[in-house]
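The numbers here are math on the coordinates, done by the rules we state, and not lab data. Every value quoted in this text rests on a predicted model; they were computed, and no experiment measured them. Here the Cβ positions follow ideal geometry from the backbone for every residue, glycine too, while neighbour counts run over all protein chains shown.
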Amino acid sequence: MRREIWFLLILALALALFLSPFASSFPDGLERVAEDHGFIEQGEGQEVIHSPIPDYALPGIANEKVATALAGIIGTLLTLAAAYGIACLLKSRPAPEKEIERPQSSAK
């Protein structure tokens, strides 16, 4: 089972590395609706949560494709780490004990 997990981890990282630079530069659905209906300016500069990797590109790296690929790798690793942590928490919970029914002996 461990071999399959490592294979899937490497596959996920390879996809993040090689495919994320080809992601669409067009706005996502919510941004597009805000642009179409003219209220995109109302949300400009108002962050609800500060993003460590804004616009899916690692800040401080001049090459946009490299910055996007690294952001994809970091995002993939963080997502997998979160999933692993949740799985460990769920696995460590003790299973609810079920009462075992034993057949009644009919001693006469």
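Overview of values
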| read-out | value |
| --- | --- |
| Full-extension gain in nm, Ile86 to Asp36, via 0.36 nm per residue minus C-alpha separation | 14.1 nm |
| Ordering of 67-77, 26-36 by burial proxy (mean other Cβ atoms within 10 Å per residue, highest first) | 67-77, 26-36 |
